[in-house]
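> Sharing a structure with you now.
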Amino acid sequence: MLADIATIQRLKEESRNWPSIDLDGKQTAELELWLIGALDPLSGYLDESEVQSVQSKRVLGNKTPCGTAWQLEVHERYAANLSPGDKVALRDAEGVMLALLTISENSPALPGQTRYLAGELTGMERPVHFAFTTLRQIPNAVREQIASQGWKAVVAVSPDILLTAAEAAFLDAWAEDNDGGILLFCALEGQDELDFASVHAVEMVAARLGKRALLVLLGTDPVLPLMSLVAHNYGATSLFLRQEVALAQKRVFKANQITPLVLPDDIMDMGTNGLFPEAEIALRLANPPPDRRGVVVFFTGLSGSGKSTLARALQARMMEIGPRRVTLLDGDLVRKHLSSELTFSREHRDLNIKRIGYVAAEVGKHGGVAICCPIAPYDQTRKEVRAMVEQYAGFILVHVNTPLLVCEKRDRKGLYAKARAGLIKEFTGISDPYEIPMDAEVVINTAELSIQEGLDVILKLLRDYGYIG
C-alpha cells in the first residue's frame, strides 16, 4: 500500500506545511495493518455513510464486501480546525510520517470530546521494528507460503487465544481432515517481559504443531471484525473461536469471506492447566509472584506532612529486609537533578510528577521497588502516574493526611511563612488547592501516629499484598 518512491519524496517535502497527528501505539499498529495490505479493501478511514453501509449491509458502496467499520478516533483538540480536503501527516511516536490522510469528513463533537476522521490514505513508510522481525510477515508472503504448501483450507487463531493442548489437537485434526493448515497470529503490543513471553508461548505452540502451522506476528490484537478481515487477507478460510458469536458477528464473517470454526462443546477450555508445559513456563517466568514483582509506593501530602520522613524510613526498612533493590525518588532531589528547569506553575508541577512517575515505572518494570514522595496535589496527575506504573508493576498510594495547621507549625523550610506573606505564589494548601485522593491504599496522619507506627501500617499492607515476606 506504499506509494512509489518519487511520490513519497514529493509528499515528504510538502508535509512540512501540513498539520500532524501523533498516533498512539494501537492506532500505529492498525495503520501498519493497512500499509501491508491486511485491511484490503479499505482505502482509508471510513466516513459516516460508509460506516452505516458496513453496519447495515456488510458492504462498502453497495459493492465491496467488508464487515469492518474502521475510523480514526482523535481528540477534539487535534481535529477541531481540520476540514474536508485538508492533508494531515500521520506520525508514530518517533515522529516518522507513516501515511498521508486526505480528510473527507470530520465528524462533529462536543467540546473536549473525541472526533472521527475519515479519508483516503497514502502509504509512506512502515514502522521500524527490532524484535521478532522474521515473524512480521506481510499477507502476500504468507499467501504464497500457503499456496506452496498446497493447503486447501486454513484456520486462523487470533492473538488473544493461546491454544491449550486439547485445542491444538482439535485444530491439528481439523487441518489434517481438510488437507489444510493452521495460521497462528500473535501480537506484540507492549515492550515488557510479559508481552515478549506471550509471543514465545505462541512459538512453543507452533513448534508443537510443526509443519501444519505458520506463525505471524502483528503489532496489535485487532478487535473481532478487523481480525476476520485480517485473517482473510492472510489467506485463512476460517477463524477459530472458543464460543459461539452473535448473529451480527456471523454476518461480519460472511462479509469478510471467512467461516467461524467453533470449538466443540465436548472440548472444554482448561485454562492455564491445559497449556503445553513449555508455553506455561514461558508465561510464568515473565509473570513472577508479588515478592519478585516491581512495586511503586507513592507518597502524597502537604509540605511538612511527614511523607519524606516516612519514605526514608520505608527505604531503610525495605533494604534491611532485603533482597529487593530500592530506589528513593525524593521530591526535592528530583527537582534538583531531573526537573531543575521547571517552575512551580501547575503545568510544570504536573510535568515534574509525570517525570517521577515515568522513572518509577521503569524501576518497577525491572522488578525494583520505587519510593516516591512528592506533594503531587492534583488527582488527575496522580491517576495518570498510577496508570503508567500499573502497566508493569504494583502501585500503592499513601496519602499522608496530616492537617494543614500541623504542617504549618512544623514549617522547617519557612515556606508556609513565605506563602502567607505572598512571597511564594501558588503554594499548595495556601494559595493553591490540594486535591484529597479518594483512591489511596493507605491514609496516615503523622499528627496522630509516630513515624514507626505509620511505617508499620505500610509494611503490613506490603506483606498483605505479598510484596515482602
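> Quote the accessible area belonging to Tyr434 in square angstrom, nearest 10, computed with a 1.4 Å probe and with ligands, DNA and RNA left uncounted.
Approximately 40 Å² of Tyr434 is accessible to the 1.4 Å probe.
> Another question, if that's okay. At what distance in nm do the modelled label points of His337 and Asp456 sit from each other, each positioned 7 Å from its Cα along Cα→Cβ?
If labels sit at His337 and Asp456, their model points lie 3.3 nm apart.
> Would you calculate the separation in nanometres between label points at Gln145 and Val96, each defined as 7 Å from the Cα along the Cα-to-beta-carbon direction?
2.2
> Same structure again: Keeping every protein chain in place, order His399, His337 by accessible area at 1.4 Å, biggest value first, i.e. largest first. Intermediate values should be presented prior to the final figure.
Working: His399 5, His337 140 Å².
Result of the area sort, largest leading: His337, His399.
> Roll a 1.4 angstrom probe over the protein heavy atoms and tell me the percent of accessible area of the stretch 66-135 that is carbon or sulfur. It would help to have the intermediate numbers written out before the result.
Numbers: 1720 of 3420 Å².
Carbon with sulfur: 50 percent of the solvent-accessible area.
> In addition: Report, in debye and to the nearest 20, how large the dipole of the chain comes out about its Cα centre when Lys and Arg carry +1 and Asp and Glu carry -1 on their Cβ. Could the numbers behind the result be given before it?
Details: 49 positive and 60 negative charges, 260 e Å.
I would put it at about 1240 debye.
> Related question: Taking only protein heavy atoms and a 1.4 Å probe, what accessible area per residue, in Å², does the stretch 55-137 have with all protein chains in place?
Values: 4320 Å² over 83 residues.
For the stretch 55-137, the solvent-accessible area averages 52 Å² per residue.
> Also, I was wondering about something else. ³J(HN,Hα) across the stretch 82-99 via Karplus (A = 6.51, B = -1.76, C = 1.60, θ = phi - 60°), whole Hz, x for Gly/Pro?
Values per residue, Gly and Pro as x: 8, 10, x, x, 5, 9, 10, 7, 9, 10, 8, 5, 8, x, 6, 7, 8, 7 Hz.
> Helix-only estimate, please: 222 nm mean residue ellipticity of the chain, summing -39500 (n - 2.57) across DSSP H runs of length 4 or more and dividing by its residues, to the nearest 500. Could you put the intermediate results ahead of the total?
Numbers: 17 runs with 186 residues, N = 469.
Taken over the chain, the calculation gives -12000 deg cm²/dmol.
> Something else now. Express in whole angstrom the spacing between the alpha-carbon centres of the stretch 373-451 and the stretch 313-338.
With the stretch 373-451 and the stretch 313-338 each reduced to a Cα centre, they are spaced 18 Å.
> Over the stretch 358-457, give the accessible area per residue in Å² for a 1.4 Å probe, as an integer.
Working: 4870 Å² over 100 residues.
Per-residue value: 49 Å².
> Give me the percent of the accessible area of the stretch 379-444 that comes from carbon and sulfur atoms, probe 1.4 Å, all protein chains in place.
Numbers: 1960 of 3550 Å².
Of the solvent-accessible surface of the stretch 379-444, carbon and sulfur hold 55 percent.
> On the principal axes of its Cα set, how long, how wide and how thick is the stretch 282-415? Give whole Å, largest value first.
Over the stretch 282-415, Cα extents along the principal axes are 54, 32, 25 Å.
> Could you tally the net charge around Val398, taking each other residue with its Cβ under 10 Å from the Cβ of Val398, Lys/Arg +1 and Asp/Glu -1? Before the final figure, lay out the partial values.
On the way: positive: Lys307; negative: Glu441.
Summing Lys/Arg as +1 and Asp/Glu as -1 gives 0.
> Using a 1.4 angstrom probe on the protein heavy atoms only, could you order Ser238, Ser340 from most to least accessible area?
Ser340, Ser238
> Can you tell me how the stretch 1-113 classifies by the Cα gyration tensor, rounded, prolate or oblate, using a/c under 1.5 as the rounded cut? All intermediate terms of the calculation are to be shown ahead of the outcome.
On the way: a/c = 1.77, a/b = 1.23, b/c = 1.44.
Verdict is oblate for the stretch 1-113.
> Considering the options Leu31, Gln149, Pro159, tell which one lies farthest towards the positive end of the dipole of the stretch 1-159, charges being +1 on Lys and Arg and -1 on Asp and Glu at the Cβ, about the Cα centre.
Farthest towards the positive pole: Gln149.
> Here is a further query. Quick one: which of Lys418/Lys460; Lys87/Lys254; Lys354/Lys418; Lys57/Lys211 span more than 29 angstrom between C-alpha atoms?
On the way: Lys418/Lys460 38 Å; Lys87/Lys254 35 Å; Lys354/Lys418 27 Å; Lys57/Lys211 39 Å.
Violating the 29 Å limit, Cα to Cα: Lys418/Lys460; Lys87/Lys254; Lys57/Lys211.
> Please pull out the direction-averaged projected area of the chain, using the convex hull of its alpha-carbon atoms, in nm² to one decimal place.
Details: hull surface 109.2 nm².
Result: a mean projected hull area of 27.3 nm².
> Okay, moving on. Please tell me the relative contact order of the stretch 371-468 in percent, rounded to the nearest whole number, where contacts are Cα pairs under 8 Å and at least six residues apart. Intermediate values should be presented prior to the final figure.
Working: 64 pairs, mean separation 33.9, N = 98.
This gives 35 percent for the stretch 371-468.
The values are calculated or read from the model by the stated rules, or taken from the named source; none is laboratory data. Keep in mind it's a predicted model, so treat the numbers as computed, not measured. Cβ sites come from the backbone with ideal geometry, for glycine too, and all protein chains shown count toward neighbours. Keep in mind that these areas ignore ligands, DNA and RNA; they rest on the heavy atoms of the full protein, side chains included. Shrake-Rupley method; radii C 1.70, N 1.55, O 1.52, S 1.80 Å.
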